[in-house]
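A.B. asks: I have a structure I would like to understand better, so I am pasting it below and will then ask my questions one at a time.
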Amino acid sequence: MLTRLALRARILTVVLMLAVMAGGAYSLSKLQIELLPDFDFPVVTVAAFYPQAGPQQVLDELTIPMEEALRGTPGIVTVRSSSAPSIALIVIESDFGEDIRALEAEVTRRVGSLTLPPGVQPRISRVNPDEFPILEISALGNPDINLLAAIVSDQVLPAMERVPGVYSAEVPLGITQGLSITRTNGQPSIPISVLKEPDANTVEVANAVTEALDQLRASLPPDIQFIEIANQAPGIQRNINELTTEVILGAVLAVTVIFAFLLSVRPTLVTSISIPVSVLAALIVMNWQDMSINILTLGGLAIAVARVVDDSIVVMENIYRHIQQGEPPRQAALAATLEVMLPITSSTLTTIAVFAPLAFIGGFIGVVFLPFALTITYALLASLVVALAVVPVLGSIFISRARLYKENLLERSYAGLLGWALARRKRTLLIAAGLALVSLLLLPFIPISFIPSMGEGVLSVSVAVPNAQSSAEVLAQLDDVEAVLGRLRSEGAVTAYRSTYGNTGQFFSAGANANAASLLVRLSPEADAEALAESMRQELAGPSRLVRVDASGDGEPSSNALELQLIGEDYDALADTARRFTAELQKLPGLVNVENDVINGPGREDDAPIARINGKRAVTIGGTITARNTQAMQAQVRQAADRAGFPAGVELATGGVFADIERSFRQMGIAMTMGVLLVYAVMVLTQRSLVTPFVIVLSLPLASIGALGGLFITQRALGLPALIGMLMLVGLVVTNAIVLVAFVEQLRARGLPLGEALRQGGRTRLRPILMTALTTIFVLLPLALGLGGDSAGLIGAELATVVIGGLFTSTFLTLVAIPVIYSYLRLKGPKIKAGTAA
């Protein structure tokens with residue numbers, strides 16, 4: 001129906017296509033640019049200041065009453081608390097996908113009903129990516145820190161807040177209340193955090209604030225400087241630019257592959273029109289849905305480019321074949337499109353169906369990757385409309401004749417191979433099954449991790465002095481660390497660094513260890529973050545201090561953090577166990593920066609924060625995993641725990657990347673199982689058969705050969721990006737099998753015997769199957785090779801490697817194994833002889 005209508009109104013169809021392209025270009029100019037999609041972390045925090053109170057008093061009068069009030073609140077998974085001098089912080093954790101606004105309201109109600117000491121007013125807030133500072137700046141230069149603070153408060157902060165899109169510019173409360181000190185490049189400074197409005201563009205706001213500061217300098221004392229410590233804008237822009245480059249390179253390679261098969265400019269251009277039209281149509285829907293351009297949605301568009309052209313390839317190749325056989329262009333366009341309408345519709349819907357489970361499994365994957373899945377879905381639906389309406393119209397207009405079709409060497413070679421396989425069906429299936437099983441044996445040799453680092457140029461450094469008896473000893477050790485950073489700054493490896501000692505009152509520092517200080521180090525654009533971090537670990541280490549150096553990007557999920565909690569009632573037993581366990585962990589290769597938050601210095605216990613998890617005392621052990629195989633490191637950590645020995649009443653809880661891997665593998669296992677079932681259900685509905693979809697689903701194990709083989713050869717990690725690639729393969733692999741089997745059944749319906757239908761169907765559909773597979777492979781090559789850059793992170797080389805490898809092997813084996821399986825299920829009797837009809 002759609003194809004007939006489009007061919008009857010060809011001019012209107014072309015006009016509508018141009019309108020969609022114009023609307024997409026307009027939508028692109030309106031979309032926000034962010035690092036990640038807008039979502040709520042499943043965390044609510046309660047912070048309460050109690051001036052002059054020690055940790056025990058804070059615990060007794062603030063923390064415990066609030067913990068008791070929260071007991072039994074629906075939706076709460078874990079309650080962590082830290083009672084430090086003058087401040088209580090409670091971190092309430094829920095599950096991704098829960099209604100965090102409702103939880104925040106309930107927490108506010110329960111805490112608000114308490115009678116707390118006079119003057120104590122708890123501040124309750126959700127943790128949202130929009131609530132992380134987009135810009136961290138230090139003000140310094142005036143020797144009188146109080147005067148500098150006044151200038152910042154009276155002139156700098158108001159100027160920043162006047163910038164459109166700025167929600168707030170603030171100095172941490174801990175600084176203003178004298179609970180902490182900061183130094184930038186070794187000088188006393190005032191830290192400033194800039195938060196944007198939820199609907200504002202991060203890149204535009206950050207750049208506008210920087211310009212406002214430049215204009216403000218003229219009215220300030222000449223000795224005042226502003227040092228940029230962290231800025232999300234350059235990293236976001238770099239990620240966007242690199243993914244955009246990979247999209248463009250992929251599109252160019254796709255067009256090249258199409259031309260290589262058709263050897264004609266006009267059908268190549270007609271087929272290729274599906275790429276810009278589908279992508280721009282997706283942008284219209286994204287703008288309507290208030291989505292943003294970020295690494296997930298742009299990654300979705302990059303992946304979509306690899307698939308949106310497939311339907312148009314099948315349609316255009318079939319139109320071209322009909323014209324080669326002498327049919328008039330308009331008649332060929334209609335007949336050829338109707339011939340493949342059902343299989344391409346089925347294959348597109350199955351590709352979309354595999355993403356549906358992401359909307360239901362919840363957790364980090366469901367929340368973060370849903371925009372990725374929606375972006376691909378919008379583009380694929382648009383590509384189906386383009387294939388069924390636009391391509392036939394343009395084909396009938398621009399392709400009036402074609403060279404007579406002649407079977408080529410590739411098709412003749414394939415016909416011989418297929419005949420051999422059909423004559424040796426058992427042997428063929430044994431070979432395919434054997435290769436699939438062998439690929440599973442590669443799993444122990446493939447690194448396993450969570451998410452690769454996105455390579456942002458910021459290092460976080462913590463300096464702990466376990467046996468310090470005074471703050472002066474901690475600051476002395478901090479001086480030594482800053483001296484090294486000062487030298488690195490003079491050498492050009494570091495552009496700026498900021499140290500903080502004490503409690504700033506912010507989410508990540510409210511439970512700061514009394515014997516520890518933290519630093520943010522901004523690297524030069526040319527610096528290798530991982531290499532410099534490793535060098536600093538060696539150089540900053542000292543006999544009296546523990547130094548932890550992590551490469552961290554602004555707002556990116558942690559990909560290498562070790563986080564272990566020891567939980568129990570007896571703090572002395574926890575502390576003793578933590579010391580033994582930490583000593584064992586420090587022996588492990590591939591694990592660095594191992595430290596615990598036990599206070600060892602005599603007389604310092606009174607200032608030490610009191611940490612609790614779900615109402616019990618807790619000690620945290622942290623570290624950085626430098627080994628590539630995170631899962632192997634997890635096994636070594638368990639062995640270290642066995643060697644350390646845990647007394648009765650001391651419980652070990654794992655968090656960090658270990659917990660992330662466990663959750664992601666479990667959720668993706670559920671998603672892939674649901675995806676396979678949905679794919680089968682869609683095919684049953686569209687093909688009205690139980691057997692044929694079952695034959696097609698049997699092609700899925702063939703993808704594991706290349707997917708796991710690709711990871712093994714490249715030694716890229718089997719992590720969350722690779723698992724998303726596996727999920728995508730479920731939808732992509734069946735596409736080729738659908739196109740092949742659907743045409744075989746059409747030939748059988750015309751009266752051809754099974755054997756002849758399989759051979760003729762294979763030869764006829766060989767070219768479009770190879771075109772779609774190779775197009776997808778070549779589109780993803782820039783992503784797999786990192787030609788645009790290496791900052792893709794969540795949607796990067798691991799995902800592309802899995803899809804390329806899986807498609808490579810599954811396409812070849814589908815062309816051989818699927819006809820054999822089909823012949824078994826559709827024909828009872830002797831094997832099919834090579835070269836003869838059954």
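A.B. asks: Out of I151, I192, which single residue is open to solvent by 10 Å² or more (accessible area, probe 1.4 Å) and under 29 Å from A517 (Cβ atoms)?
C.D. replies: I151
A.B. asks: So E745 clears everything in (1) at pLDDT below 90; (2) open to solvent by 10 Å² or more (accessible area, probe 1.4 Å); (3) over 15 Å from P819 (Cβ atoms) except one condition, right? Which one?
C.D. replies: For E745, the failing item is (3).
A.B. asks: Please indicate, with yes or no, whether at least one residue in the range 474-482 is assigned to a helix (DSSP H, G or I), open to solvent by 70 Å² or more (accessible area, probe 1.4 Å) and either in contact with a Leu (Cβ under 6 Å, 6 or more places away or on another chain) or in contact (Cβ under 8 Å) with a residue 40 or more places away in the chain (or both).
C.D. replies: Scanning the range 474-482, I find at least one residue that is assigned to a helix (DSSP H, G or I), open to solvent by 70 Å² or more (accessible area, probe 1.4 Å) and either in contact with a Leu (Cβ under 6 Å, 6 or more places away or on another chain) or in contact (Cβ under 8 Å) with a residue 40 or more places away in the chain (or both), so the answer is yes.
A.B. asks: For the range 212-225, state whether one or more residues are open to solvent by less than 30 Å² (accessible area, probe 1.4 Å) and closer than 30 Å to A476 by Cβ.
C.D. replies: Yes: the range 212-225 contains one or more residues that are open to solvent by less than 30 Å² (accessible area, probe 1.4 Å) and closer than 30 Å to A476 by Cβ.
Conditions tested, residue by residue: (1) under 28 Å from the mean Cα position of the chain (by Cα); (2) charged (D, E, K, R).
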position: D214; (1), (2): no, yes
position: R217; (1), (2): no, yes
position: P221; (1), (2): no, no
position: A233; (1), (2): yes, no
position: T245; (1), (2): yes, no
position: I248; (1), (2): yes, no
position: A254; (1), (2): yes, no
position: V257; (1), (2): no, no
position: V265; (1), (2): no, no
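Listed here are the residues, each with its yes/no results for (1) at pLDDT 85 or above; (2) within 20 Å of the chain's Cα centre (by Cα).
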{"position": "F646", "(1), (2)": "yes, no"}
{"position": "D660", "(1), (2)": "no, yes"}
{"position": "G669", "(1), (2)": "yes, yes"}
{"position": "Y680", "(1), (2)": "yes, no"}
{"position": "I705", "(1), (2)": "yes, no"}
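A.B. asks: Is it fair to say P164 is open to solvent by 10 Å² or more (accessible area, probe 1.4 Å), modelled with pLDDT of 90 or more, farther than 18 Å from P133 by Cα and not in a helix (DSSP H, G or I)?
C.D. replies: No.
A.B. asks: Here's another thing I want to ask about it. Count, please, the residues in the range 195-206 that happen to be surrounded by 17 or more Cβ atoms within 10 Å (Cβ to Cβ) and part of a helix (DSSP H, G or I). Full working, then the answer.
C.D. replies: Kept after step one, since they are surrounded by 17 or more Cβ atoms within 10 Å (Cβ to Cβ), are these residues of the range 195-206: 195-196, 200-203, 205-206.
Subset that is part of a helix (DSSP H, G or I): 202-203, 205-206.
Final tally of qualifying residues: 4.
A.B. asks: If you take the residues in the range 229-287 that are more than 27 Å from M316 (Cβ to Cβ) and among the small types (G, A, S), which one is modelled with the lowest pLDDT?
C.D. replies: Restricting to residues being more than 27 Å from M316 (Cβ to Cβ) and among the small types (G, A, S), the top hit is G235.
A.B. asks: Here's a follow-up. When you scan the range 490-504, do you find a residue that is modelled with pLDDT under 85, part of a loop (DSSP other than H, G, I, E, B) and on the phi < 0 side of the Ramachandran plot, even just one?
C.D. replies: There is at least one residue in the range 490-504 that is modelled with pLDDT under 85, part of a loop (DSSP other than H, G, I, E, B) and on the phi < 0 side of the Ramachandran plot.
A.B. asks: Only one of G675, G649, G645 is surrounded by fewer than 13 Cβ atoms within 10 Å (Cβ to Cβ), in contact (Cβ under 8 Å) with a residue 60 or more places away in the chain and not polar (S, T, N, Q). Can you tell me which?
C.D. replies: The match here is G645.
A.B. asks: Name every residue in the range 755-774 that is of a type in the set (K, R) and touching an Asp or Glu at 6+ places or on another chain (Cβ under 8 Å), in order of residue number.
C.D. replies: R763, R767, listed by residue number.
The values are calculated or read from the model by the stated rules, or taken from the named source; none is laboratory data. From a predicted model like this one, the values you see are computed outputs, not experimental measurements. Glycine also receives a Cβ, built like all others from the backbone with ideal geometry; neighbour counts cover every protein chain displayed. Accessible surface is based on the protein model in full, side chains and every heavy atom, while ligands, DNA and RNA are left aside. Shrake-Rupley method; radii C 1.70, N 1.55, O 1.52, S 1.80 Å.
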